[in-house]
Amino acid sequence: MNSPTDPVIKADILIVDDAPDNLRFLTNMLKSQGYQVRKALNGRIALKSVQKIKPDLILLDINMPEMNGYELCQRLKSVKATSDIPIIFISAFCETLNKIQAFQLGGVDYITKPFQIDEVLARIENQLTLHQLQKQLCAQNIRLQQEILERQRAEEQIRFLLTTTQLINQAGDFH
């Protein structure tokens, strides 16, 4: 049970970057804002981390050895259990083609290095809010579908009762 002095965790963010300085900088910045932060130095570690605990958001570097960010994103988006995790690409690449590829593979945003703290925080907050609203909308749609099914069943029962009542009323020798 949380006590009043326990810090409130805003969200669980996984940072995937092969540069320790970037990991340290982003981790310190995000922790100071109340986020829980996990780190991965490469795509293989990131995949294992995501399989254990699904993060609320991933900050993903593109240029990494073995498995680059594009490949990792593609793998995560191809699995139903991880396909809905918002991925924000972080990269020194600022060419439009790199950004387009990131979005085509399922990235929700793209931040160029060097990082601007306020920009990074604003983009993270924006994507977390959008993701939360999407989850709420999906849950509401499920509830509405259930209500529609319940209403359809009730209407079928009413039609049956109405038809039965009409048939009884039409029967001349019902006594």
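A few comments on the model shown:
- There is no residue in region 148-169 that is within 20 Å of the chain's Cα centre (by Cα) and either at pLDDT below 95 or open to solvent by 90 Å² or more (accessible area, probe 1.4 Å) (or both).
- Long-range neighbours under 9 Å by Cβ, at least six apart or interchain, first residue more than 20 Å from ILE100 (Cβ to Cβ) within region 54-70, second in a loop (DSSP other than H, G, I, E, B) and among the β-branched types (Val, Ile, Thr): LYS54/THR82; LYS54/ILE85; PRO55/ILE85; ASP56/ILE85; LEU57/ILE85; LEU57/VAL108
The values are calculated or read from the model by the stated rules, or taken from the named source; none is laboratory data. It should be emphasised that the depicted structure is a prediction, and the values quoted were computed from it without experimental measurement. Because the Cβ atoms are built from the backbone with ideal geometry, glycine has one as well, and the counts that use them run over all protein chains shown. For accessibility, only protein heavy atoms count, side chains too; no ligands or nucleic acids. Shrake-Rupley method; radii C 1.70, N 1.55, O 1.52, S 1.80 Å.
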